[in-house]
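Worksheet for the structure shown next.
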Amino acid sequence: MIKPLEACVIIAMLLHLFICPYTKVEESFNMQAIHDVINYGFEIEKYDHLEFPGVVPRSFLGPLVVAALSSPFVLLTNVTGASKVAQQYIARGTIGLATALSFIVFCRAIDSVFGRSIKNWLILITMTQFHFMFYISRPLPNVFALIFGLTVTVDSYFWQRWLWPEGEVMWFNVILNKSSEWGTSPFLWYFYSVLPRALSATLLLVPVGIYLMRHVTILLWPAFGYILLFSFLPHKELRFIIYTFPIFNTVAACAISTIWHNKNKTITRKLVAMGAMGLLVGNMVMTSGFLYISHHNYPGGQAMKILHELEKDTTDVHVHIDVYTAQTGVTRFTQLRPDWIYNKTEDLPAGGGDMMKYTHLFIGTPDNNKKPLAPYSETHTVIAQVQAYDRLFLDKSSFPPSFRILLTEKIYILKRNAPAA
């Protein structure tokens, strides 16, 4: 039986999902795989991964489970005539629900060891932070971290060759160290950058929790060791250490639970308790900012939505999706029209004959460089521009000076001009 405060975890997950429904490149394989399993079944030749395999193969076990759990709800939406975008919400909601329930199980384990108060504060702290609630509904390989012998049989079928996906990923990332081609970060980056952002204001409670409840450090050693080991890999991402966030939040919960329990003993302790509550408010302020930025950080998904709205009465559409657009929100779930052709072929010469065959083009300008538009100035018309997050800047002209979020055009939707009569 889910208790009211536990149910709030699920509500918070859904809030993040509906504000940021699109996905990015690192989620692409699992999202496309879930779509293909749901919509194509055993028609493997139609699957996206055979045309766009990516750098390393990924396991189908996670997508198979999600697709199976999502299918009854997908059938219901199909009956009601809802678009395929609804399937994406269902698939992500299924992942989010499973992860949220796992977190609730973890919280109940904390309850059995440390008590109900610490469990409740753990839930409150985690819900007010951004990154954990944002990621738990996302089809990331980290969320589908499954290493069983079953993967060899299942994934060899879907990839049409013998392989163990996790083994190839480990070989690529660890042995060959090729993940560094996607960028590198300093050794201590997780400690000075990721943890402060992920834990937000309540990071300040972690050392307090260690001081007030020394025995809680037994939880921290595995988390610190895990982060330390991952620090040796040059390529680093926040999602790689997301599993440690509940551990740090548990220590913070120990601190705030103790502070709150003793708040009525003196005026000073009451002020300290109010300050601790202020940290939760600080979390919510930071989370609101992160959510606003993230909502405007998926221009590819927005571009697909806009194109379908603008050309809803057009049947002869052949659209080319460039790399930047494909990486910022486009999935097969967003390809709504069976009578349209969607193409993601890469490395076509700009303005060349192949590009001129498409009726519509998505041209991404992530660096605010408009040069990619030049080859189409006389052959195409810009029918829409999609803004996205560009940067955070300090507005010194206002009083008091404040930080503002700047949005700029990141994707242009072009339509081929009709031939002259």
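Quick notes on this structure:
- Virtual spin-label span in nm between K370 and R108, 7 Å along Cα→Cβ: 5.9 nm
- Accessible surface for the range 194-338, divided over its residues, is 46 Å² per residue with a 1.4 Å probe.
- Kyte-Doolittle mean at least 0.0, axial Cα span of 27 Å or more - DSSP H helices of the chain: 61-80, 85-114, 267-295
- A simple rule links phi to the HN-Hα coupling: the Karplus curve 6.51 cos²θ - 1.76 cosθ + 1.60 with θ = phi - 60°, which for the range 313-330 gives 9, 9, 9, 8, 10, 10, 9, 9, 9, 6, 4, 4, 5, 4, 7, 10, x, 7 Hz, with x for Gly and Pro.
- Ligands, DNA and RNA aside, H318 has an accessible area near 50 Å² when probed at 1.4 Å.
- In order through the range 353-369: 3J(HN,Hα) via Karplus (6.51 cos²θ - 1.76 cosθ + 1.60), integer Hz, x for Gly, Pro: x, 4, 5, 6, 6, 7, 7, 9, 10, 9, 10, x, 10, x, 9, 6, 9
- Proximity of backbone amide H atoms, modeled 1.01 Å from N, is registered between K410 and V386, Q387, A388 at under 5 Å, excluding neighbours fewer than 5 places apart on the same chain.
- Where K370, K265, K236 fall by accessible area, highest first, once all protein chains stay in place (1.4 Å): K265, K370, K236
- Kirkwood hydrodynamic radius over Cα pairs of the chain, then Stokes diffusion coefficient at 4 °C and 1.567 mPa s, in µm²/s: 54 µm²/s
- Rolling a 1.4 Å probe across the protein heavy atoms gives the range 20-107 an accessible surface of 42 Å² per residue.
- A simple charge model with +1 on the Cβ of Lys and Arg, -1 on the Cβ of Asp and Glu and nothing else charged puts the dipole of the range 274-421 at about 280 debye relative to its Cα centre.
- Listed residues D48, D339, D390, D313 arranged by accessible area, highest first, probe 1.4 Å: D313, D339, D390, D48
- S70 contributes an accessible area of around 0 Å² to the protein surface, as traced by a 1.4 Å probe with all chains present.
- Rounded to the nearest whole Hz, the Karplus-based 3J(HN,Hα) values (6.51 cos²θ - 1.76 cosθ + 1.60, θ = phi - 60°) of the range 130-135 follow the sequence 8, 5, 5, 5, 5, 8, with x at glycine and proline.
- A prolate overall shape is assigned to the range 279-406, the ratio a/c of its alpha-carbon gyration tensor axes (a ≥ b ≥ c) being 1.5 or greater and a/b exceeding b/c.
- The range 311-355: Cα Rg divided by the 2.2 N^0.38 Å rule of thumb: 1.23
- A straight chain from T266 to N417 at 0.36 nm per residue would run longer than the Cα-Cα distance by 46.8 nm.
- Protein accessible area in the chain, 1.4 Å probe - carbon and sulfur %: 66 percent
- Rg to Rh, two decimals, where the range 354-421 supplies the alpha carbon set and Rh follows Kirkwood: 1.20
- Label point at V55 placed 7 Å out along Cα→Cβ; residues across the range 224-263 whose backbone nitrogen lies under 16 Å: 233-240
- Working note: Cα gyration tensor of the range 224-294, eigenvalues times five, square-rooted, sorted largest first, giving semi-axes of 31, 18, 8 Å.
- In the complete set of protein chains, residue-level accessible area for K344 is approximately 40 Å², probe 1.4 angstrom.
- For the set I136, I210, the ranking by accessible area, highest first and with no ligand, DNA or RNA atoms included, is I210, I136 under a 1.4 Å probe.
- Convex hull of Cα atoms in the range 187-266, direction-averaged projection (nm²): 5.4 nm²
The values are calculated or read from the model by the stated rules, or taken from the named source; none is laboratory data. None of these values were measured; they are calculated from a predicted model. Don't worry about glycine lacking a Cβ; one is built from the backbone with ideal geometry, like all the others, and counts go over all protein chains shown. When the accessible area is computed, the model is the full protein with side chains, heavy atoms only, and any ligands, DNA or RNA have been set aside. Shrake-Rupley method; radii C 1.70, N 1.55, O 1.52, S 1.80 Å.
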